[in-house]
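Participant: Here you go, one structure.
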Amino acid sequence: MDLRDLIAKKRSSLKSCKTVITDPLGNKYEVEHGQVKKLEKSLPFVVDERPDLHIASIIPGLYLSSQDPAVCNDILKKFEIRHILSIGVNISEKYDDVQYHTCDLLDLPESNILPSIKKCIDIIHANLKENILIHCNAGVSRSPSIVIAYLMIAMKLSYDEAYNTVKRARSCIRPNDGFVKQLRSIENTTFVYEL
């Protein structure tokens, strides 16, 4: 049996499948056997219906999460969180016994993270003894990047050491490529910051 026959045999044994595609405008299409059928319009993004309530302890006093624990008073009390630093997210539910801090930052590779690092390091350092939670929307790119920067500057860690410390505590982190490049750029330069 030659390769062409083998491919034809394998192809004939494949099960039929449907592919559903949603474009950036929310238009939804089903493709089956090369035929395209338009479906009912939907949201152009995936709705996450499962909250991510995991809080990662990075170093004593410094915690990292998605936005979900930031609005869960029971979790905040469990970890004795007294300060919350929201990166690029405004949370609506706030508690009287927690102080809130914000930093605007878009999760885009072209966003300049350096001004945010300086602002956030001041906030983290001033509130570390009272337990501070750093979060963004998903706790994957922006807030881990800020925490990595803090570890690099405060503890004099290399990017890889800081990244691995955060990754061990919160395995889903994935700073965007632009943030990684900027964080690596401060590793061996004179990014002057005194704590």
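Participant: Give me the pairs: first residue in segment 145-156 and without any contact (Cβ under 8 Å) to a residue 60 or more places away in the chain, second residue in a loop (DSSP other than H, G, I, E, B) and open to solvent by 10 Å² or more (accessible area, probe 1.4 Å), beta-carbon distance under 6 Å, and six or more apart or on different chains, which are they?
Facilitator: If the second residue must be in a loop (DSSP other than H, G, I, E, B) and open to solvent by 10 Å² or more (accessible area, probe 1.4 Å), the pairs left are 153/193; 154/195.
Participant: Might you check whether a residue that is open to solvent by 40 Å² or more (accessible area, probe 1.4 Å), in contact (Cβ under 8 Å) with a residue 60 or more places away in the chain and in the same structural domain as residue 131 (by the TED database) occurs anywhere in segment 67-85?
Facilitator: yes
Participant: Residues of segment 111-143 being free of Cβ contacts under 8 Å to residues at least 12 places away in the same chain and either open to solvent by less than 20 Å² (accessible area, probe 1.4 Å) or in a strand (DSSP E or B) (or both), which ones? If you could, list the steps in order and put the result at the bottom.
Facilitator: Initially, segment 111-143 is screened for residues free of Cβ contacts under 8 Å to residues at least 12 places away in the same chain, giving 115, 122, 126.
Passing the criteria: none in range.
Participant: Look at residue 146 and say whether it is touching a Cys at 6+ places or on another chain (Cβ under 7 Å) and either at pLDDT 95 or above or part of a helix (DSSP H, G or I) (or both). Working first, answer last.
Facilitator: On the way: touching a Cys at 6+ places or on another chain (Cβ under 7 Å): yes; either at pLDDT 95 or above or part of a helix (DSSP H, G or I) (or both): yes.
Criteria met by residue 146.
Participant: Going by the structure shown, is residue 101 open to solvent by 20 Å² or more (accessible area, probe 1.4 Å) and in contact with a strand residue (DSSP E or B) (Cβ under 6 Å, 6 or more places away or on another chain)?
Facilitator: Details: open to solvent by 20 Å² or more (accessible area, probe 1.4 Å): yes; in contact with a strand residue (DSSP E or B) (Cβ under 6 Å, 6 or more places away or on another chain): yes.
Yes, satisfied.
Participant: Then there is this: Considering (1) open to solvent by 50 Å² or more (accessible area, probe 1.4 Å); (2) within 16 Å of residue 59 (Cα to Cα); (3) touching a Pro at 6+ places or on another chain (Cβ under 8 Å), say which one residue 177 fails and leave the rest.
Facilitator: Only one criterion in (1) open to solvent by 50 Å² or more (accessible area, probe 1.4 Å); (2) within 16 Å of residue 59 (Cα to Cα); (3) touching a Pro at 6+ places or on another chain (Cβ under 8 Å) is unmet by residue 177, namely (2).
Participant: Are there strands (runs of 3 or more DSSP E) fully within segment 1-101 with at least 2 residues that are within 24 Å of residue 167 (Cβ to Cβ)? List them. Working first, answer last.
Facilitator: Numbers: elements: 19-22, 28-32, 35-39, 56-59, 62-65, 83-87.
In segment 1-101, 56-59, 62-65, 83-87 are the strands (runs of 3 or more DSSP E) which contain 2 or more residues that are within 24 Å of residue 167 (Cβ to Cβ).
The values are calculated or read from the model by the stated rules, or taken from the named source; none is laboratory data. Quick caveat: nothing in here was measured; it's all calculated off a predicted structure. Cβ sites come from the backbone with ideal geometry, for glycine too, and all protein chains shown count toward neighbours. Accessible surface areas use protein heavy atoms only, side chains included; no ligands, DNA or RNA. Shrake-Rupley method; radii C 1.70, N 1.55, O 1.52, S 1.80 Å.
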